């Protein structure tokens, strides 16, 4: 076991964890880091600096809904003859830490339950005849490798601190890490250090209620949140708390510059949706605050029981941010933005090219919704419903059996017709990956068609659970414009501005599509369909991306690349549709060839309407 | 969870519905560990987000409006606001300990006397006042808990098939709230659509056959970025409130301050806001009383119909909703006659989600409604 104080590097992550120990209402810490950076070691070592007996629960990625939320403890129920409740993982973490390794690989229903528990501070169990509320206030520590994909924003929003992404590159630090792992550190020192650290945190907890922040400082932090385009109000609250916790750790009663800087780095900057320099024009784009209808509670807000200092009207006059904070923000942004923020919010785009991932977690990944009559062998037996259906007949069956055999041996008589089978619902349907050729002169037209088709697919109630992703290819490299999503709003927004023209890096698009498909499959998507909209003439090779000085690839080389890629795509069970937009009848038949390579279908739709493309994809 | 929910639990099984088989009353049930969660953040202390607050209030005034869908940015207080609602709701009268929250006439209608027995009269009934229930339907709920099912404990121990009512029973005459409604399982959506349309819940499973009233105001919230809502469900919601991040720094500072104040000392904070809460409650109650007297002149009605026609809204639900909502809004404003000004304030709420969706349309539905409204009123220069 490696102690918290032994871990080298990851200073910001450590700082975040200490703040959390001081003020658990910060909700948690997310640590994105590459494989082998020691992130999970650090997270586990967090228990060292918490008071003894604090629960520390690790959430397995393949957790079932039953285990997560809780339910009926079958064995105990049968033994006792009355309902015995088993608490779920979320409830077990109450008052302590819930740790999730590979947060981005957690399936979406589990994420929803965690989100719900975090916003409620409790778990509502409404399952299988149970109706209970279990307390569930915990700190969430999540680590993940950004190359595995994103963590859902809704979840990130409820976690106070997000450590900027860094890869551990320092050679000496690495060596130290290795030494620590091998246990070559003096263990006595470690113990002393830990004791000290714990004392420090205890002192800070006592100090915390006495820490105050000036009005100016608070306004400054919130102004920064506004200019960074941070969504919602939770981050504001977290930022203030983080700054105060930081001051408490330093045994101060006033928040100072360093505290604010830390709050910016850990809370606000990682949530930025835009660069602050765009501020002015963006502000104009923002819709004005809604006009209040004359007779709504807002008017009552004004004469609310209020200490005068918090009257919003009064503050209206001094709109500017205090200079100091603005400087701090710019500093924090400059140092953190180019590398880190991009890594967080655009992690999907910066994925490693390392190729294949581990195998998909398959088996019963769907969600258990209901039970129905069925054969014992045809699926997973739903035990509680089976018991329920058997229960009313017990008395009469026992009587009957007694009559027949003279005695009854079993406590419970379950007949074939009592058996109930769990009905799972597949979590997600098909992922449609649109790959749109944005090169050449007809690109705009194709883009518009694709956009329409995407919206069309998403709005179709029939494909409710399906997702759509969009890749555009032009110039040297394909780009993932829209990671797998179900949202029309998001799709529209992402697709609004699209550059066109340039070469046709078809291979790059297929490669990116394949990666997206693989990632989606680890998250439970059952089927992937490529919809390639192109005239089929790839003329930029994948190789040129990696070897800067490579000679221009020949037609044959490009062809070979495409052949290989297509074979892999086909072998991995990805279905494809190629939509040919070549206007010229004398086209060289590249698109049909592509369809053939991919083992997919081919449609010639030079003037395709959005609906036609959507239909082709659905057919 | 609300008081009613726990009250219902205590009597679960007793007087279970009008159904045939499940008549036996249960013995005293074991008290379950149901901890009441700390009192919610006060409704009136929520800064901004008027659209959402107004649409919730209008639904209290007239539950027939058909509920609210609140969609918008995360972390903007959607669920906080809905959960705060319970504290400003009025009281309703129900048969004492009735799990379905029925009124005396509803009860008499449902529980027909057995042959040879004396008919029940209102005098036989004891009633009690309870706050309008707000029931939370979590995403992980299973169908049996939503619809109700046979009580397993009783079934196992005494072989009695007693019906244990579900969340739909608890929410009768109240509010049913689903957070992240766009992520709700398809199967539960089907159940909800069915019950919302008919106002009753029919359970035919495990050898029991129960039907009971389940009329509730459906409140859903979610973030559109996480997924779309099934169109049929979307259509069910009377109003659609949109919610965006507040960009006014002063307001955001105020939000943070109030939150800290609340976290520091719940009781003191609640006390500070209790006057406001009572004031709003009173205002809602007055509006409820005034509502039956509110009328809508024919010319206003004509304008409303023209507006819906020009917006190309299918069916009559749009007109019906906008009319009801306008009545409720007039009552809330203390007016006895609905004017086009009232209509203007709520048109977006009532119609936003009913416009036909055009994938390539860039104009915000709200703007479109405003523009058409201006045209109807002859205010707009032709576009």
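The values are calculated or read from the model by the stated rules, or taken from the named source; none is laboratory data. What you are looking at is a predicted structure, and each value in this text was computed from that prediction instead of being measured. FYI the Cβ positions are ideal-geometry reconstructions off the backbone, even for glycines, and counts take in every protein chain you see.
The table below lists the values:
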| quantity | calculated |
| --- | --- |
| Lone unmet requirement of (1) more than 7 Å from chain A (Cβ to nearest Cβ); (2) part of a helix (DSSP H, G or I) for residue B:211 | (2) |
| All positions within the stretch B:283-299 that are within 15 Å of residue B:328 (Cα to Cα) and assigned to a helix (DSSP H, G or I) | B:283, B:284, B:285, B:286, B:287, B:288, B:289, B:290, B:291, B:292, B:293 |
| Filter result for residue B:121 (surrounded by fewer than 24 Cβ atoms within 10 Å (Cβ to Cβ) and facing chain A (nearest Cβ under 7 Å)) | no |
| The stretch B:175-189: number of residues that are at the interface with another protein chain (Cβ under 7 Å from one of its Cβ atoms) and closer than 24 Å to residue B:56 by Cα | 3 |
| Flag for residue B:192 being facing chain A (nearest Cβ under 9 Å) and in a helix (DSSP H, G or I) | no |
| Filter result for the condition that a residue is surrounded by fewer than 19 Cβ atoms within 10 Å (Cβ to Cβ) and modelled with pLDDT under 80, over A:459, A:449 | A:459 |
| Number of positions in the stretch B:230-244 that are in contact with a strand residue (DSSP E or B) (Cβ under 8 Å, 6 or more places away or on another chain) and facing another protein chain (nearest Cβ under 9 Å) | 1 |
| Which numbered condition residue B:232 fails, given (1) modelled with pLDDT of 85 or more; (2) in contact with a helix residue (DSSP H, G or I) (Cβ under 8 Å, 6 or more places away or on another chain); (3) over 30 Å from residue B:45 (Cα atoms) | (1) |
| Candidate set from the stretch B:195-208 (those that are at pLDDT 85 or above and in contact with a strand residue (DSSP E or B) (Cβ under 7 Å, 6 or more places away or on another chain)); member that is nearest to the other protein chains (Cβ to nearest Cβ) | B:203 |
| Candidates A:156, A:140, filtered to the one that is at pLDDT 90 or above and not in a helix (DSSP H, G or I) | A:140 |
| Residue count for the stretch A:84-131, restricted to those that are over 29 Å from residue A:160 (Cβ atoms) and buried (at least 20 other Cβ atoms within 10 Å of the Cβ) | 5 |
| Elements of type strands (runs of 3 or more DSSP E) contained in the stretch A:1-112, each with 3 or more residues being over 24 Å from residue A:238 (Cα atoms) and assigned by TED's automatic domain parsing to the domain that holds residue A:144 | A:70-72, A:85-87 |
| Single residue of the stretch B:124-137 satisfying the filter (within 14 Å of another protein chain (Cβ to nearest Cβ) and not in a strand (DSSP E or B)) that is farthest from residue B:178 (Cα to Cα) | B:133 |
| The stretch B:309-333, subset modelled with pLDDT of 95 or more and either in a loop (DSSP other than H, G, I, E, B) or within 14 Å of another protein chain (Cβ to nearest Cβ) (or both), residue surrounded by the fewest Cβ atoms within 10 Å (Cβ to Cβ) | B:333 |
| Residues of the stretch B:138-174 classified as part of a strand (DSSP E or B) and more than 7 Å from chain A (Cβ to nearest Cβ), total | 4 |
| All positions within the stretch B:253-273 that are more than 9 Å from chain A (Cβ to nearest Cβ) and touching a residue at least 40 places away in the same chain (Cβ under 8 Å) | B:262, B:266, B:269, B:270 |
| Segments classed as helices (runs of 4 or more DSSP H), wholly inside the stretch B:3-110, with at least 3 members that are modelled with pLDDT of 90 or more and more than 15 Å from the chain's Cα centre (by Cα) | none |
| Qualifying position, being part of a loop (DSSP other than H, G, I, E, B) and either modelled with pLDDT of 75 or more or touching a strand residue (DSSP E or B) at 6+ places or on another chain (Cβ under 7 Å) (or both), among A:573, A:564 | A:573 |
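Residue by residue, here is whether (1) over 23 Å from residue A:273 (Cβ atoms); (2) in contact with a strand residue (DSSP E or B) (Cβ under 8 Å, 6 or more places away or on another chain); (3) within 11 Å of chain B (Cβ to nearest Cβ); (4) without any contact (Cβ under 8 Å) to a residue 12 or more places away in the chain holds:
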position: A:123; (1), (2), (3), (4): yes, yes, yes, no
position: A:133; (1), (2), (3), (4): yes, yes, yes, yes
position: A:139; (1), (2), (3), (4): yes, yes, no, no
position: A:142; (1), (2), (3), (4): no, yes, no, no
position: A:147; (1), (2), (3), (4): no, no, no, no
position: A:150; (1), (2), (3), (4): no, yes, no, no
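Per-residue answers, yes or no, for (1) without any contact (Cβ under 8 Å) to a residue 60 or more places away in the chain; (2) more than 11 Å from chain A (Cβ to nearest Cβ):
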position: B:48; (1), (2): no, no
position: B:56; (1), (2): no, no
position: B:80; (1), (2): yes, no
position: B:95; (1), (2): yes, yes
position: B:100; (1), (2): no, yes
